[in-house]
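Here's the structure, in structure tokens; my notes come after.
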Amino acid sequence: MPKSQKRVGLMVESLHGYGPRILDGIARWVHTHSGWRTTVFDGERSELAKLVAQWDGDGIICSITDQNFLRAAQSCQAPVVNIAGRFFDNFPDSVVSDDKACGQLAAQYYLDRGFKHFAFVGLHDSTFATERSDGFKDTLAHHGHPVTILKTPLGKEKTLAQSLQKLPLPTALFCPSDRRAASVLEACYQANLRVPEDIAVLGIGDHLQLCELCHPPLSSIDCNMELRGYEAAGLLSKLMSGDISPSQPIRILPTSVITRRSTDTFAFEDEDLIRALHFIHHNAHRPIKVNDVVAATSLSRRSLEQRFRSQFHQSIHDEIWRVHFELAKKLLSTTDLGLQAVAERSGFRSASALANLFKQNTGLTPRTYRAENRR
């Protein structure tokens, strides 16, 4: 092995859930930076903790998931970077989700869909769950909306169903994880509540298989796990080069809400406004004009414009381009499509038109945005 090459152990708990996507981000860093020899370990928490304590290489990226794991990481002689969302308060060399920002994103998503009633389901048994709840509640409080907190444990879906039946309808409900959201969908079924018409359900983490197997398919916040892995590798590289530890964990902002059937609704009382919004969102992939949106309603262009400005403080045209732009950002960060293909699949007539809008809205070129947000 060359002298300059660094031996890095990857002890990412059980290669499921977040694990593969975090490893994708680490792999992207390794493939674009020379000098690492990585070894991937899989196993139970206790096994991985022992491997961390015994590692005689140059650095470790791991998921600190319990107190034993934390003690092993703290006693390790080599630099260690944690990528789990637990125990990072005691371990600043961590790269984690910005959980408060996730809650804020969930709240704004539901506000944009016209909801007036809100609930959070989950126990505040961890820092990440508490911060996600706080971000959700604080944002809604700023807009004058209280949040009903339901603390029913997992496995008590019948009890949760009884609580859900007492909520005003429709209610926008947010959970601190996809796993918790899946249990809420079961409770809604037992309570004979329609999803999303009565209760809209949003999770977090975007575990693709779990979300797609739910009934109905579960909407979820994408926490950009690939970027977490990429930034973890970058941090470890600095620590192995002698840089001092950060004073606080590095927090990764969520990218977007991945809308599936469980939240694919609007809660406005104005049926024509709902028709217009459905038309815009369901046609984000193709060029549409204001007159196309108007034709999907029973209103005149002037009347629909007035309703958009009253509700959203923007024009129909502005909303069309906002939805096109969000789709373009998603395609840039999740695919390898060229810029022209991204433009064509997100309703833009040309790559130059998309590039100009990117510059206006973000100050970045599409290429720079992709490099900074690749997942």
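Some notes on this structure:
- Compactness of the stretch 213-330 as Cα Rg over 2.2 N^0.38 Å, two decimals: 1.52
- Summarising the amide proton neighbourhood of S256: residues at separation of 5 or more, or on other chains, whose placed amide H is nearer than 5 Å comprise D222.
- Largest first, the extents of the alpha carbon coordinates of the stretch 42-163 on the three principal axes equal 56, 31, 21 Å.
- Among L235, A84, A351 the positive-end extreme of the charge dipole of the chain (Cβ point charges): A351
- Applying a DSSP loop filter and a limit of 14 other Cβ atoms within 10 Å to the GluC sites (Glu not before Pro) in the stretch 185-262 leaves E197.
- Near T148, the amide H atoms lying under 5 Å from its own belong to F118, A119, F120; only residues 5 or more places off or on other chains count, and H is placed 1.01 Å from N.
- Each Lys and Arg contributes +1 and each Asp and Glu -1, all at the Cβ; summed about the Cα centre of the stretch 1-76, the dipole is approximately 320 debye.
- Cα gyration tensor shape of the stretch 269-333, rounded if a/c is under 1.5, else prolate or oblate by comparing a/b with b/c: prolate
- Using a cut-off of 30 Å between Cα atoms, the listed pairs K6/K329; K116/K158; K151/K238; K100/K330 include K6/K329; K151/K238 as exceeding that distance.
- Solvent-accessible surface of the chain, taken per residue with a 1.4 Å probe and all protein chains present: 47 Å².
- Size of electric dipole in the stretch 234-356: Cβ of Lys, Arg +1 and of Asp, Glu -1, about Cα centre, debye, nearest 20: 180 debye
- Summing Cβ point charges (Lys, Arg +1; Asp, Glu -1) relative to the Cα centre of the stretch 48-122 gives a dipole of roughly 340 debye.
- Shape category assigned to the chain from the gyration tensor of Cα positions, a/c cut at 1.5: oblate
- Euclidean distance of C-alpha centroids, the stretch 87-148 and the stretch 245-309, integer Å: 22 Å
The values are calculated or read from the model by the stated rules, or taken from the named source; none is laboratory data. Please read all numbers here as calculations on a predicted model, not as lab measurements. All Cβ positions, glycine included, derive from the backbone under ideal geometry; neighbour counts span all protein chains shown. SASA here: full protein model, heavy atoms, side chains in, ligands and nucleic acids out. Shrake-Rupley method; radii C 1.70, N 1.55, O 1.52, S 1.80 Å.
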